[in-house]
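Engineer: To start, I am sharing the structure in question, which I have written as structure tokens.
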Amino acid sequence: MATPERHAADYPAHRLAVDLPIAALLIASLAHWIRGAPADGVIFFAAAILLVVTERHSTGVDLLEVPSTRLPGTSLIAAVALVALVFGRQTVPMFLAVAAIGIGALVVEWRDPSLPSRPVPRRGWLWVALAISWCLWELVSFIYEQAAGGLSLTHPTMSDLVDPMLDNRVVQALAIGVWVAAGLAMLRAAATARRTA
């Protein structure tokens, strides 16, 4: 049976004042400012601020009283993939579709306060190690390219490797379909974890 969720004020004193994902978003924001992409920097900074506000948000409502949000599935994935296929990336319809998905995900998450911290499952450390390794590769590649003054064929960033493939609209549609499916899976997993805590 679910119990009322602990809020930010109930966490132990030794808990980090700022979660690592928020710190990562702030670092990403700074990196985008350095590379001369202020719009991207503002987006990452705004996302970090929204997460900070969300972390401090509490409702005091028992989780059993909060109805689960019905998340779209195949229909949303197909719709967004179709937008990518018809219009392509870096178009107004694609921008609006991605923005709507992001705002929708934020609203879904905003309905419930954050989960209390839990021990990471043993198998979870493998994914953490892979994620950190990828982030370090990206950081080193980014710094290397900035020092080299542009695209480096010997140490490219992930975006440099992926970008040419995304010129094909079919690949764009598949990529955004996978992205939406992964996001929906994470939202569902978070909702399940809240109600079984």
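Engineer: Per-residue counts of other Cβ atoms within 10 Å, averaged by peptide: what ranking do you get for 80-88, 100-108, 127-135, highest first? Let's see the in-between values first.
Structural biologist: Working: 80-88: 18.0, 100-108: 13.8, 127-135: 10.6.
Packing proxy ranking, top to bottom: 80-88, 100-108, 127-135.
Engineer: Gain in length, Leu153 to Arg122, computed as 0.36 nm per residue apart minus the alpha-carbon separation, to one decimal in nm? Please list the in-between numbers first.
Structural biologist: Values: separation 31, 0.36 × 31 = 11.16 nm, distance 3.69 nm.
So the extension gain works out to 7.5 nm.
Only the coordinates and a few stated rules stand behind these numbers; no lab work does. Since this is a predicted model, take the numbers as computed values, not measurements. Cβ: placed from backbone, ideal geometry, glycine included. Neighbour counts: every protein chain shown.
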